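In what follows, a single structure is set out as structure tokens and then discussed.
The numbers here are math on the coordinates, done by the rules we state, and not lab data. On a predicted model such as this, the values are computed, not experimentally measured, just so you know. Neighbour counts are summed over all protein chains in view; Cβ atoms, including those assigned to glycine, are modelled from backbone coordinates with ideal geometry.
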Amino acid sequence: MKSTIEIDTNSKTLLNNIKNKNITVGIVGLGYVGLPLACEYASQGVQTIGFEVNQEKVDLLNAGNNYIEDIDDDLVRNLTKTKRLIATADFKEVSNCDALIICVPTPFTENKEPDISFILNATKSISDNMKKGTVVILKSTTFPGTTEKFVMPILIKNESNNSLREIEKDFYLAFSPERIDPGNKKWNTKNTPIAVGGVTPICTKIAAAVINIAVEKVIEVSSPTIAEMEKLLENIFRSVNIALVNELAKLCDRIGVNIWEVIDAAATKPFGFMPFYPGPGIGGHCILIDPYYLEWMAREYDFVTNFITLAAETNEDMPFYVRDMVIKEIAKQPVSYSTAKILILGMAFKKNVSDLRHSPALKVFELLDLEGIKNIDYYDPYIPKVNVNSNTINSISEINSSVIESYDIILITTDHSVFDFDMIAKSSKIVIDTRNSCKNAENRDNIVLLGDGK
Ligand SMILES: NC(=O)c1ccc[n+]([C@@H]2O[C@H](COP(=O)([O-])OP(=O)(O)OC[C@H]3O[C@@H](n4cnc5c(N)ncnc54)[C@H](O)[C@@H]3O)[C@@H](O)[C@H]2O)c1
């Protein structure tokens, strides 16, 4: 039986205003998560204010310019022109918002410990400026307990008049993770279901109503901790399964079995199996980082996440493995370290996006450079330049058969759809393919496929 909750008059009025979209929403952090979300609220007719510490992004948006691939340029232009969406670096505007959604980065430190300083800074800026009755929703992926142990105390302390705020009376607080998949044409902010867990049942109801304006299906869970942990489960599920196929790819390399054909065969099972594919490693702002957030938190409880950490390490070893594949191929050619000409295809961490964060392709580039292999170029139409061991390297401007022919080794690290893999396979002396991109090539003699053993 579903229990009913008593809702006070103020909360009821707020809930009505939310349902009538008669609120102002503030999105804190206008990156891959925050900007699409801000656009969705503004598209729903809700007055939306985007808070962003990067002044360049604020200026771009207010001039009507989009900087995130998945969002339509015209949409951003219209929403900012009509001022339905306003970007600002001025946190005083927080006092004009009824709800604030925090979408700031959650990176790790050099020693792979969680860095929640962006969350803490954003929360402090909100706390210093928010009005009574504000709804605060944390969206940044983080370890279980962040909302209640770190965010809530900052919001309780009202430093402007040295008083303490009360939950439900003065503010509402919840955690609601993000599931955006940049580059995914089917699942977007609007149609991807999202969980939400408040610090009280009323907070859950109110936060769910706020999220429901931008997201069609909202799943209410019993606490912020459940919502925080379920997000980590989603990402660690991927990390562990990718690690499994990465390990199998190495075994298949040793025994001469094609892992890609194995996976495709296994994927014909209509139940109980989901295909994951090997590659040069994992990147982006989530799957690589999140296992370490959980591992760090678990230590406080004298718990070691052996299995999860082993998976993360297995994935992080892949760029080193690919470096060794390149070194082996150089050794087979009539070239040496100092003369081998290598072209890396794709720098983004995954296909069809311009996100370079923790890109395994860049890691491979750095490792080869550290090895003393200096004639390395790269091509990525999405990433015009990269920093490799403190040197700025520009992408070559185009590829065609004569460009490809001029290199000793072509290394495919990101399988952007714009690449003509037929042409690449035909024109190369040797292709090291870490994505099975040349699977349809007629002549496979020059293809060295990760997880194939040839
Ligand atoms: N990118 C994804 O695919 C994805 C998917 C799911 C969840 N997430 C999570 O969402 C969060 C945000 O990720 P992202 O990819 O959007 O990051 P991002 O780096 O693209 O965007 C974050 C933005 O926040 C801004 N910022 C930092 N501190 C701020 C502050 N105090 N006030 C206002 N703005 C501030 C940054 O300048 C940046 O523009 C992370 O926790 C991430 O793990 C990301």
Where the centre of each part is set by its Cα atoms, how far does the stretch 382-399 sit from the stretch 265-314, in angstrom? 30
Among Pro182, Ala209, Gly197, flag the residue with its Cα farthest along the positive direction of the charge dipole of the stretch 156-278, charges on Cβ as +1 for Lys/Arg and -1 for Asp/Glu. Pro182
Under 5 Å from the placed amide H of Ile432, counting only residues 5+ away or on other chains, we find Ile410, Leu411, Ile412, Val448
Can you tell me which of 99-112, 150-163 comes out highest on packing, and rank the rest after it, using the mean Cβ neighbours within 10 Å? 99-112, 150-163
Using the Cα centre as the reference, give the magnitude of the dipole from point charges on the C-beta atoms of the chain (Lys, Arg: +1; Asp, Glu: -1; all else neutral), rounded to the nearest 20 debye. 920
Charge dipole of the chain about the Cα centre (unit charges at C-beta), most positive-ward option of Val335, Pro360, Phe143: Phe143
Note down the net charge around Ala441, summing +1 for each Lys or Arg and -1 for each Asp or Glu among other residues with Cβ under 11 Å from its Cβ. -1
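What do you get for Rg/Rh over the stretch 21-79 if you use C-alpha atoms and the Kirkwood form of Rh?
Numbers: Rg = 10.5 Å, Rh = 11.4 Å.
That ratio equals 0.92.
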Which order do the peptides 184-191, 344-351 come out in when sorted by mean C-beta neighbours inside 10 angstrom, highest first? 344-351, 184-191
Among Ser354, Ser336, rank each residue by its count of other Cβ atoms within 10 Å, from fewest to most, as a rough exposure measure. Ser336, Ser354
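With +1 assigned to the C-beta of every Lys and Arg and -1 to the C-beta of every Asp and Glu, and no other charges, what is the dipole magnitude of the stretch 231-389 about the Cα centre in debye, to the nearest 20? Write out the running numbers ahead of the final one.
Working: 16 positive and 20 negative charges, 83 e Å.
Charge dipole, the stretch 231-389, about its Cα centre: 400 debye, nearest 20.
Could you tell me the relative contact order of the stretch 9-222? Use alpha-carbon pairs under 8 Å, at least six residues apart, and round to a whole percent. Mind dumping the intermediate values first?
Working: 424 pairs, mean separation 40.0, N = 214.
Taking the mean separation of contacting Cα pairs over the length of the stretch 9-222, I get 19 percent.
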Given a Förster distance of 56 Å, the FRET efficiency implied by the Cβ-Cβ spacing of Asp264 and Arg165, rounded to the nearest 0.05, works out to 0.50
In the chain, taking the dipole from +1 charges on Lys and Arg beta carbons and -1 charges on Asp and Glu beta carbons about the Cα centre, the listed residue (Val418, Thr309, Asn440) farthest towards the positive end is Val418
The ³J(HN,Hα) series, computed from each phi in the stretch 5-14 with the Karplus coefficients 6.51, -1.76 and 1.60 at θ = phi - 60°, rounded to the nearest Hz and given as x for glycine or proline, is 10, 6, 10, 6, 4, 4, 5, 5, 4, 4
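What is the packing order of peptides 65-77, 375-387, taking the mean over residues of other C-beta atoms within 10 Å and listing the highest first? Working shown, then result.
Details: 65-77: 15.8, 375-387: 17.8.
For the peptides 65-77, 375-387, the packing ranking is 375-387, 65-77.
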Candidate lysines for bridging to Lys124, where Cα separation is under 26 Å - those fewer than 8 sequence places away on the same chain excluded: Lys57, Lys92, Lys112, Lys132, Lys139, Lys149, Lys157, Lys169, Lys205, Lys231
Determine the distance separating the Cα centre of the stretch 122-147 from the Cα centre of the stretch 321-344; give it in Å without decimals. 50
With an 8 Å Cα cut-off and a minimum separation of 6 or more residues, compute the relative contact order for the chain in percent. 11
For Lys250, counting only lysines whose alpha-carbon sits under 23 Å away and dropping same-chain residues fewer than eight positions off, the answer is Lys328, Lys332, Lys350, Lys351, Lys363, Lys439, Lys454
Counting pairs of alpha carbon atoms under 8 Å apart in space and at least six apart in sequence, what relative contact order in percent does the stretch 286-418 give? 27
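Based on the Kirkwood radius over alpha-carbon pairs, what is the Stokes-Einstein translational diffusion coefficient of the chain at 25 °C with 0.890 mPa s viscosity, in µm²/s? If you can, show how the numbers build up before the last one.
Working: Rh = 23.9 Å.
Estimated diffusion coefficient is 103 µm²/s.
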Can you give the helix-only mean residue ellipticity at 222 nm for the chain, where every DSSP H stretch with n ≥ 4 adds -39500 (n - 2.57) and the sum goes over all residues, rounded to the nearest 500 deg cm²/dmol? -11000 deg cm²/dmol
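So, with +1 on the Cβ of K and R and -1 on the Cβ of D and E, and no other charges, what is the size of the charge dipole of the stretch 9-222 about its Cα centre, to the nearest 20 debye? Walk me through the numbers before you get to the answer.
Details: 24 positive and 25 negative charges, 153 e Å.
Roughly 740 debye, rounded to the nearest 20.
How big is the C-alpha Rg of the stretch 127-267 next to the rule-of-thumb value 2.2 N^0.38 Å, as a ratio? Walk me through the intermediate numbers first.
Working: Rg = 20.4 Å, N = 141, 2.2 N^0.38 = 14.4 Å.
For the stretch 127-267, the normalised Cα radius of gyration comes out at 1.42.
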